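Accompanying notes for the structure given below.
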Amino acid sequence: MTILQVKIFATFLGVGLAIVSLIGAYYWRIWKRQIKVWGDFAASRGWRFEFQPGFMNLIGTLRLDGEHAGRPFIVETEHRGFGRYRHIVTIIRHDLGPRFPREVTIRPEKLAHKLGKLIGVRDEEIGDTQLDAALDLKNVTPQARDLLLGGRLHRPLLNLVRGFETFTIENGKLTAEVIDVPRTTIALYTLLAPVRELADAMPSSRDASHEHEGDATPEAAGA
């Protein structure tokens, strides 16, 4: 290798390292901002915040662990895929509580389901036009039907569909995810809003006791 070739090689190597350094610095700043935003969010709610530094790409994973409406609420990021298909998702998990029927499974209505309906292949329906069009329902028990038609969950479920392309309610637990990571407090609030709205709309044990009190007859009350 001649001196000229060595110089050319050194130049290309230097440029390459400079580009890698700039990209690394860019992602490092993003990572540090995300840590602060998520950490401050957790501190304002008394939640636990954890993070794992990344390798090479510097963007690691984040996790918030706390409660909302008295039930577990978890927000965490996860790397998916490999190479050029590698991406990071934010996953939200929330237990909807004992009042939500464990048998029913709810997912957003996908294109395949909509096309199936056109040829007569239908999923279970509850009689609410908007919810039936937006949701893929399975194992709808009478208890689940009464809850879904009660009105309290109508708007929260529709907002959940608008906020997340992918979510599942199964065994009374909601799992929702997006291919994105909130970088600001506002973005984090916005992402969590549909889940928090659904959590707040869920009937509580206190509501159940009031219902039973309302169903009691005067004779039973005086017994």
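The values are calculated or read from the model by the stated rules, or taken from the named source; none is laboratory data. From a predicted model like this one, the values you see are computed outputs, not experimental measurements. Every residue, glycine as well, gets a Cβ built from its backbone with ideal geometry; the counts of neighbours run over all protein chains shown.
Have a look at R122, R155 and point out the one that is at negative phi, modelled with pLDDT of 95 or more and surrounded by fewer than 15 Cβ atoms within 10 Å (Cβ to Cβ). It would help to see each step written out before you state the result.
Numbers: R122 fails: modelled with pLDDT of 95 or more.
After applying the criteria, what remains is R155.
Here G46, G66 are screened, and the one residue that is surrounded by fewer than 16 Cβ atoms within 10 Å (Cβ to Cβ), in contact with a strand residue (DSSP E or B) (Cβ under 9 Å, 6 or more places away or on another chain), of a type in the set (G, A, S) and within 19 Å of E177 (Cα to Cα) is G66. Scanning segment 171-188 for residues that are surrounded by fewer than 16 Cβ atoms within 10 Å (Cβ to Cβ) and of a type in the set (D, E, K, R) turns up D180, R183.
Every residue, every condition in (1) among the small types (G, A, S); (2) over 15 Å from the mean Cα position of the chain (by Cα); (3) in a strand (DSSP E or B), yes or no:
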| site | (1), (2), (3) |
| --- | --- |
| L62 | no, no, yes |
| D65 | no, no, yes |
| P72 | no, no, yes |
| E76 | no, no, yes |
| R84 | no, yes, no |
| I92 | no, no, yes |
| G97 | yes, yes, no |
| P101 | no, yes, no |
| I106 | no, no, yes |
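A quick yes/no check of all residues on (1) at pLDDT below 95; (2) over 30 Å from I59 (Cβ atoms):
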residue: L118; (1), (2): yes, yes
residue: G150; (1), (2): yes, yes
residue: N171; (1), (2): no, yes
residue: A193; (1), (2): no, no
